[in-house]
Amino acid sequence: MITVVVSIYKVERYLNKCIESLLNQNYKDFEIILVDDGSPDKCPVMCDEWGKRDPRIRVFHKENGGLSSARNCGIEHAKGEFIIFPDPDDWVEPDYLERIFSLREEYDADLSICGHYYGENINNKNAQLSILNTEKALEQLMMPRAFCGYAWNKLYSIDIIRKNNLRFDTELGMVQDLHFNVRYFQFCKKIVYDPKPLYHYVIDSGGVTSRHTALTPRKISGLKTYEKIAEITHVNYPYIESIAYASLCNMCLEDIYIYYKSGVKSKEIIDLLRNNFCKHRKIFYKSKAYTKRDKRFSSFVVLHPRVYYYVRRLYWRVIILLNQKTGK
């Protein structure tokens, strides 16, 4: 049986569609655990109503503790052999569970991964079905445009999770999925990835899982996540450590741009972002995951982060004007 854990906070607009898509699965041997993470809107009542309507749904209410805490609650109460974590503001295709489960069975894998839509677009649409060992899977996991570090397109073994005491880190506010996956992958001998898109990621839903938010302490906490990933891969997977630091630099660049665009004024924040980038920038310059343009722009951060922001903004304004003139 598969346990489907949905962590819920302030998503009343999207929740019904998410649950309906999960109940409408071709694969029937599953349970749904709805974890109300102290949501202040109508979500708690909606969860209880769904629990009364379908015996496959169990509902747990808890004080707000964040996404990691809610998912850990689901792990503790799971009855299935396998577990997956769709977000409450997204929805899935009818063969979501069927395909991701059959991949595990067909290839005798420790983890199976499906493709997804990012808004209206298919992510990684030119990819092929692949069977990966631990190191290759970790490399793909860390790349920004591969099968990504999310928990909602991966079917995990409860046995591996519990035997190795794996949980989502409640100290992390961003990229906690990736941190969990890096630890889980290290206990896998074989991982199978089918890029067929079965999961619909909704952009800018405004829910707790949304990554398209203003520059907040929670968003900046993603730097700590990459530092932790670098630490746990340092000995056995030094190449993955370097990717983690390159990703940290990229997050610094994105946050610096958001910092100036949103009008935030905090010397502590901008110094933190600049210092973290400068500390690991040589690794970023060597990384194959980022373009030469990204690296050229990033050199302005060393001069001054504000210069980086204006150069990057000017570049994209010029590109937009040129496209308008050429009708692209």
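The values are calculated or read from the model by the stated rules, or taken from the named source; none is laboratory data. Worth saying up front: this structure is predicted, and the values here are computed from it rather than measured. Every residue, glycine among them, receives a Cβ derived from its backbone with ideal geometry; neighbour counts consider all protein chains shown.
Can you spot a residue in segment 153-168 that is within 26 Å of SER287 (Cα to Cα), touching a helix residue (DSSP H, G or I) at 6+ places or on another chain (Cβ under 6 Å) and not small (Gly, Ala, Ser)? So far as segment 153-168 goes, no, none of its residues is within 26 Å of SER287 (Cα to Cα), touching a helix residue (DSSP H, G or I) at 6+ places or on another chain (Cβ under 6 Å) and not small (Gly, Ala, Ser). Here segment 76-114 is the region considered, the condition is being outside any loop (DSSP other than H, G, I, E, B) and of a type in the set (Lys, Arg), and the residue that is farthest from ILE131 (Cα to Cα) is ARG99.
With the requirement that a residue be assigned to a loop (DSSP other than H, G, I, E, B) and either among the aliphatic types (A, V, I, L, M) or free of Cβ contacts under 8 Å to residues at least 12 places away in the same chain (or both), what does segment 282-316 give you? The answer is LYS288, ALA289, THR291, HIS304.
Matching residues to (1) acidic (Asp, Glu); (2) in contact (Cβ under 8 Å) with a residue 40 or more places away in the chain; (3) over 21 Å from PHE101 (Cα atoms):
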| position | (1), (2), (3) |
| --- | --- |
| ALA137 | no, yes, no |
| PHE147 | no, yes, no |
| ASN165 | no, no, yes |
| GLU171 | yes, yes, yes |
| HIS179 | no, yes, yes |
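Checked against (1) touching a Ser or Thr at 6+ places or on another chain (Cβ under 8 Å); (2) in contact (Cβ under 8 Å) with a residue 60 or more places away in the chain; (3) more than 20 Å from LYS163 (Cβ to Cβ), SER130 passes all but condition (1).
Yes/no matrix, rows are residues, columns are (1) touching a Ser or Thr at 6+ places or on another chain (Cβ under 6 Å); (2) assigned to a helix (DSSP H, G or I); (3) modelled with pLDDT under 95; (4) at positive phi:
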position: THR3; (1), (2), (3), (4): no, no, no, no
position: SER7; (1), (2), (3), (4): no, no, no, no
position: LYS10; (1), (2), (3), (4): yes, no, no, yes
position: ASN16; (1), (2), (3), (4): no, yes, no, no
position: TYR27; (1), (2), (3), (4): no, no, no, no
position: GLU49; (1), (2), (3), (4): no, yes, no, no
position: VAL59; (1), (2), (3), (4): no, no, no, no
position: ASN64; (1), (2), (3), (4): no, no, no, no
position: GLY74; (1), (2), (3), (4): no, yes, no, no
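Only residues in segment 1-13 that are surrounded by fewer than 24 Cβ atoms within 10 Å (Cβ to Cβ) count as the first member; pair them with residues that are acidic (Asp, Glu), Cβ under 6 angstrom, at least 6 apart or cross-chain, and list the lot. From segment 1-13, the pairs are MET1/ASP29; THR3/GLU31; TYR9/ASP37; LYS10/ASP41; GLU12/ASP41. There is no residue in segment 156-167 that is in contact with a strand residue (DSSP E or B) (Cβ under 7 Å, 6 or more places away or on another chain), closer than 30 Å to ASP41 by Cα and at pLDDT 95 or above. Scanning segment 189-204 for residues that are at pLDDT 95 or above and of a type in the set (A, V, I, L, M), we see that the one that is nearest to the chain's Cα centre (by Cα) is LEU198. Filter segment 170-188 for residues that are more than 15 Å from LEU111 (Cα to Cα) and buried (at least 18 other Cβ atoms within 10 Å of the Cβ) and give the result. Once the filter is applied, which keeps residues that are more than 15 Å from LEU111 (Cα to Cα) and buried (at least 18 other Cβ atoms within 10 Å of the Cβ), segment 170-188 yields LEU172, GLY173, MET174, VAL175, GLN176, HIS179. Scanning segment 309-328 for residues that are of a type in the set (Ser, Thr, Tyr) and exposed (fewer than 12 other Cβ atoms within 10 Å of the Cβ) gives a single hit, THR326. Mind checking whether some residue in segment 123-144 is in a loop (DSSP other than H, G, I, E, B) and on the phi > 0 side of the Ramachandran plot? Yes, the conditions are met somewhere in segment 123-144.
Filtering segment 280-308 to residues that are more than 24 Å from MET143 (Cα to Cα) and surrounded by fewer than 16 Cβ atoms within 10 Å (Cβ to Cβ) leaves VAL302, LEU303, HIS304, ARG306, VAL307.
Within segment 84-132, the set of residues being within 21 Å of the chain's Cα centre (by Cα) and over 18 Å from PHE147 (Cα atoms) comprises PRO88, ASP89.
Of the residues examined, ASP89 is one that is crowded, with 19+ Cβ neighbours inside 10 Å and acidic (Asp, Glu).
Just to be sure before I move on: is ARG162 out of contact with any His (no Cβ under 9 Å at 6 or more places or on another chain), part of a helix (DSSP H, G or I) and buried (at least 19 other Cβ atoms within 10 Å of the Cβ) in the structure I sent? Judged against the criteria, ARG162 is not a match.
Of all the residues in segment 246-279, those that are hydrophobic (A, V, I, L, M, F, W, C), surrounded by fewer than 20 Cβ atoms within 10 Å (Cβ to Cβ) and in a helix (DSSP H, G or I) number 5.
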